[in-house]
1. Pairs only if they're at least six apart or on different chains, beta carbon under 6 angstrom, first in region 23-37 and over 13 Å from L177 (Cα atoms), second modelled with pLDDT of 50 or more and assigned to a helix (DSSP H, G or I); list them, first residue then second.
2. Tally up the residues in region 136-149 that are free of Cβ contacts under 8 Å to residues at least 12 places away in the same chain and not in a helix (DSSP H, G or I), please.
3. Could we say that E133 is in a strand (DSSP E or B) and at pLDDT below 95 here?
4. Here are some residues: P105, P81. Which one is closer than 28 Å to T199 by Cβ and in contact with a Lys or Arg (Cβ under 9 Å, 6 or more places away or on another chain)?
5. Which condition breaks for I360 when tested against (1) in contact (Cβ under 8 Å) with a residue 12 or more places away in the chain; (2) among the aliphatic types (A, V, I, L, M); (3) over 29 Å from A159 (Cα atoms)?
6. Could you say which residue among A167, A213 is closer than 19 Å to E36 by Cα and either small (G, A, S) or at pLDDT 95 or above (or both)?
7. Looking at L70, L53 in this structure, which one is in contact (Cβ under 8 Å) with a residue 60 or more places away in the chain, buried (at least 17 other Cβ atoms within 10 Å of the Cβ) and closer than 24 Å to K206 by Cα?
8. Identify all residues within region 78-103 that are among the polar types (S, T, N, Q) and in contact (Cβ under 8 Å) with a residue 12 or more places away in the chain; write none if there are none.
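The values are calculated or read from the model by the stated rules, or taken from the named source; none is laboratory data. Keep in mind that this is a model prediction, so the values were computed, not measured. Cβ: placed from backbone, ideal geometry, glycine included. Neighbour counts: every protein chain shown.
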Amino acid sequence: MSDGSISQNEIDALLSGMGGSGSASADGAFTPARQEALQKFFDGNVPALSANLDSMTGKTVSVSNPVIELSGREAFLQKVPDMAVAVTIDFEGALTGDHLFVLAPEFAEKLVGLVNNEESVTIDDMALSVISETIAQYVGKEISAFDGQDIKGVTNMPAEAHHVPKAMVRLSQDFALLTYSVTIDDTAFNLWEIIAKKTAEQIADKLNKTEGAAPVVPVQPIPAQSAPEQGGAMGAMNMPMNGMNGMTQMGQQPMGMGMQMQGGAPVQGGMVMPGMNPNVQSVQFSPLLNGVTEAEQGNIGLIMDVFMEMTVELGRTRKMIKEILSMGEGHIIELDKLAGEPVDILVNHKPIAKGEVVVIDENFGVRVTEILSPAERITDT
């Protein structure tokens with residue numbers, strides 16, 4: 001008599017029956033043009049994935065170019081261990097469809113152990129949060145790469161990680177399967193990225209459309225009209241000018257003309273005559289001075305006892321509202337500064353110097369390494 005439990009094989013059989021045969025589409029592969037576009041794009045993202053894993057783990061991580069194939073549910077599940085960590089992070093906006101990453105538990109434990117500096121790791125909610133953040137950071141860079149290929153408006157849902165039997169991983173019938181080989185400490189792990197077939201085809205078609213777009217031809221400026229010949233309009237001006245010469249000799253001022261010469265070009269009523277090239281000069285500004293003058297130093301003495309707020313800025317980042325609302329304990333926020341890079345020292349929120357973080361007894365401190373010049377303070381504001 002059965003105890004009511006169900007085996008892993010029975011789960012696989014049930015879900016395979018619900019999803020059909022789970023095999024790839026009739027053609028069994030993407031068209032050559034789509035395959036080439038996908039391969040070129042995701043190969044270009046490998047350095048970003050490697051750098052992301054480097055920064056999270058503190059190790060030098062080697063990532064191979066992905067093997068991209070059109071796969072089905074049943075074929076993929078044969079490659080996955082009985083238990084798996086699945087991170088769903090679907091596309092939204094200009095691209096929609098299923099998008100997830102699948103890791104073997106051993107790979108997930110290795111990543112979490114390095115991130116948290118722990119020898120023994122259990123895949124609990126905290127560990128899943130670390131995995132989610134690691135994947136979310138890379139997908140952010142993936143979306144930036146879409147933007148760089150003129151595929152604008154792509155966003156993603158918040159990452160959700162689950163440690164489940166492989167048969168419970170959410171998979172469509174056909175999908176693009178990207179298999180990365182990730183090597184950490186001489187041990188190779190597989191990282192699978194899964195994109196719904198229709199979404200992958202949309203990506204490939206948009207990439208091919210971008211590459212095949214006609215180059216933008218710069219608009220040629222309309223050439224300026226040449227100045228009238230001496231015998232034309234200028235010749236017609238000579239007659240009243242000659243008449244005015246006679247009037248001037250009689251001691252009378254010419255009326256109605258008001259013409260002056262500016263930089264060799266005739267100007268009438270404050271306007272440059274058409275067809276002429278006026279002598280335009282750029283405005284000269286005095287350079288910014290380093291330091292203060294003696295008079296300013298005397299004035300500063302009056303405010304020496306005034307307190308000002310001094311802060312040290314470790315770094316900055318930008319997050320969407322939905323990312324902020326999904327944050328919880330254990331989330332890791334990546335800043336725009338590299339490890340070891342000087343921090344910014346600000347007075348009343350204005351940068352004045354750079355420095356390095358030190359520890360004084362039990363408190364943090366900053367050793368000033370560079371004082372910004374007035375020009376740099378304006379630039380950094």
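1. Listed pairs, sorted by first residue: A33/N208; R34/A204; A37/A204; A37/L207; A37/N208.
2. 0
3. When the stated conditions are applied, E133 does not pass them.
4. Of P105, P81, the one residue that is closer than 28 Å to T199 by Cβ and in contact with a Lys or Arg (Cβ under 9 Å, 6 or more places away or on another chain) is P81.
5. Answer for I360: the failing condition is (1).
6. On the way: A167 fails: closer than 19 Å to E36 by Cα.
So the residue among A167, A213 that is closer than 19 Å to E36 by Cα and either small (G, A, S) or at pLDDT 95 or above (or both) is A213.
7. Just a single option satisfies the conditions, and that option is L70.
8. Those that are among the polar types (S, T, N, Q) and in contact (Cβ under 8 Å) with a residue 12 or more places away in the chain: T88, T96.
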